[in-house]
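Below is one structure; the comments refer to it alone.
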Amino acid sequence: MSEQLYFQMSELIHSDIAIKYNINNMPDINSLDCMLNLIYYVLQPLRKKLGKPIIITNGYRSTALWNKLNQLGYKPSKTSQHLTGEAADLVVHGMTQEALFNFIKNSGVVYDQLIWEQDNNCVHVSYTKGKNRQEALIRDKLFRYTKVA
């Protein structure tokens, strides 16, 4: 019997801004591979451990989408792992962002960066095959980062 899959690539590619401005947000093969790793090594295990749906609010961002976000004043990072398909921003209904952040941090799931984005009210998680730092950070509403042990 095969394992239930909780995520689809369309969830990681979807962008309301890309749709609104007719931007192609399809990943290249390398970004697609990174997205599959993120699903397999992080998102699937987290969903199984959590026992409830995880909503991806932001996933992959093509260069064209990144440029539009920048133009619109969103100030996306030039080194964002969203550009390579290695990151997703998450929310879980009925769970605070602080609780989700702490759940992921203590879950035993390997990740590269885990960021509680208080300015965006979501939790960012990334995975980089073979180079995961297991780094947990809090980003406050003034975009200041604090490392969490």
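The set of residues in segment 71-85 being closer than 19 Å to His14 by Cβ, part of a loop (DSSP other than H, G, I, E, B) and open to solvent by 30 Å² or more (accessible area, probe 1.4 Å) consists of Leu72, Tyr74. Any residue at all in segment 116-131 that's of a type in the set (Gly, Ala, Ser) and under 28 Å from Asn24 (Cβ atoms)? Yes, that holds for at least one residue. For segment 17-70, the set of residues classified as exposed (fewer than 14 other Cβ atoms within 10 Å of the Cβ) and among the basic types (Lys, Arg) consists of Lys20, Lys48, Lys49, Lys52, listed by residue number. Of all residues in segment 1-16 being among the acidic types (Asp, Glu) and assigned to a helix (DSSP H, G or I), which is most open to solvent (accessible area, probe 1.4 Å)? Among those residues, the one meeting the criterion is Asp16. Of all residues in segment 4-21, which are without any contact (Cβ under 8 Å) to a residue 24 or more places away in the chain and over 20 Å from Leu36 (Cβ atoms)? Answer for segment 4-21, where residues must be without any contact (Cβ under 8 Å) to a residue 24 or more places away in the chain and over 20 Å from Leu36 (Cβ atoms): Asp16, Ile19, Lys20. Please count how many residues of segment 95-112 are closer than 19 Å to Lys131 by Cα, open to solvent by 40 Å² or more (accessible area, probe 1.4 Å) and either under 15 Å from the mean Cα position of the chain (by Cα) or of a type in the set (Asp, Glu) (or both). Total satisfying the criteria: 2.
How many of the residues in segment 118-149 are under 23 Å from Lys52 (Cβ atoms) and at pLDDT below 95? So the count comes out to 4.
For Ala99, state whether it is more than 28 Å from Asp28 (Cα to Cα) and aliphatic (A, V, I, L, M). Yes.
The criterion of being at pLDDT 95 or above, assigned to a helix (DSSP H, G or I) and either touching a helix residue (DSSP H, G or I) at 6+ places or on another chain (Cβ under 7 Å) or not polar (S, T, N, Q) (or both) does not hold for Leu114.
The values are calculated or read from the model by the stated rules, or taken from the named source; none is laboratory data. Bear in mind that the values here come from a model prediction, so they are computed numbers and not experimental data. For neighbour counting, all protein chains shown are included, and Cβ atoms are generated from backbone atoms with ideal geometry for every residue, glycine included. Side chains included, ligands, DNA and RNA excluded: accessible areas come from the protein's heavy atoms. Shrake-Rupley method; radii C 1.70, N 1.55, O 1.52, S 1.80 Å.
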